[in-house]
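Comments concern the structure below.
Read-outs throughout are calculated quantities, based only on the coordinates presented, and are distinct from any laboratory measurement. Remember, predicted model here, so these are calculated numbers, not experimental data. All Cβ positions, even for glycine, are placed from backbone atoms using ideal geometry, and neighbour counts span all protein chains on display.
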Amino acid sequence: MFDIVRYFRWQDILDILVVAFVIYQLISIIRGTRSVQMVVGLGVLFVVYAMASLLDLSVLTWIMRTSLSSLFLIIIIVFQQDIRRALTQVGQSPFQKHADVVEKDLDEVIRSVFYLAKRRIGALIVIERENGLGEYVESGFILNAKLSKELLISIFMPVSPLHDGGVLISKGRIEHAGCILPLTQNPYINKRYGTRHRAAIGISEETDAVILVVSEETQEVSIVQYGSLTTINDEMSLKTNLRAIFLDKKKQNSFWQDWVGRK
């Protein structure tokens, strides 16, 4: 044991830390998505292959070896959304400014979604963060209007021609409305969720946006991020969640920017 410690270099410690960090980031990216089940499935295939080789099962070993030879291509096809999201996150600067959202903006959004929920009016609100959403709003209508509770409510009223689509909020402004968003392909989503919820999960699987959904059937308000949907019971809970995502992280980011600037 002392021999191992003696030949242990500082590069080895760095190597272990980097690998551990990469594995942690990969787990964070796929957590809560259908990729978890796919990873488990691939793990089962590797176990079967190992057992077949150990027991000298020639036919099964040949079949598994032939199948796993295309593993790299299979991973790219199956995990294409997760790979794209991971590469996008890698390309972001750790000191990059978060979405320019202030507490007043969050209050306007919170009051509007609970107003709509009480009146059984459905809504889908996408709040942009660091990933640009340009490719997802081409189907919508440009508003570029000041964010306000009254405007949000009017957009989602049943008589509005824009009420069926999603609204994009960027830098404290309502940029687009009536946007058609991609639906999730996750087969494990609860069957009670309709198109609006599936669209919210779909856009959250491909970007880092925060999405708020109001169900016109159940009057539930949900927050969606990274493919995970959470039901919110009251305005205070939603405010706490949104503050943790936008305002608290912005403060941390400002601290590091100031610290780097002093160096």
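In terms of surrounding Cβ atoms within a 10 Å radius of their Cβ, 231, 61 rank from fewest to most as 231, 61. One decimal place: the segment residue 22-residue 183 gains 55.1 nm when fully extended, by the rule 0.36 nm per residue minus the C-alpha distance. Got a sec? Charge dipole of the stretch 103-258, +1 on Cβ for Lys and Arg, -1 for Asp and Glu; which of 122, 229, 245 is way out at the positive end? Checking the options against the dipole of the stretch 103-258, the answer is 122.
What's the FRET efficiency of residue 135 with residue 62 using the Cβ-Cβ distance as r and R₀ = 45 Å, to the nearest 0.05? Let's see the in-between values first.
Numbers: r = 44 Å, r/R0 = 0.97.
Efficiency, from the Cβ-Cβ distance: 0.55.
3J(HN,Hα) along the stretch 15-21, derived from phi through the Karplus expression 6.51 cos²θ - 1.76 cosθ + 1.60 where θ = phi - 60°, amounts to 4, 5, 5, 5, 4, 4, 5 Hz, with x in place of Gly and Pro. Taking a ≥ b ≥ c as the square roots of the eigenvalues of the alpha-carbon gyration tensor, the stretch 103-258 is classed rounded because a/c is under 1.5. Counting only aspartates and glutamates at least 8 places from residue 149 when in the same chain, those with an alpha carbon closer than 13 Å to its own are 105, 107, 108.
Per-residue Karplus couplings for the stretch 47-57, computed as 6.51 cos²θ - 1.76 cosθ + 1.60 with θ equal to phi - 60°, are listed in order as 5, 4, 5, 5, 5, 5, 5, 5, 8, 6, 8 Hz, Gly and Pro entered as x. Counting only residues at least eight positions apart within a chain, or on another chain, the aspartates and glutamates with an alpha carbon under 13 Å from that of residue 118 are 216, 217, 220, 234, 235. Backbone phi angles across the stretch 140-153, fed through the Karplus curve with coefficients 6.51, -1.76 and 1.60 (θ = phi - 60°), yield HN-Hα couplings of x, 10, 6, 10, 6, 10, 4, 5, 8, 4, 4, 5, 4, 4 Hz in residue order; Gly and Pro are listed as x.
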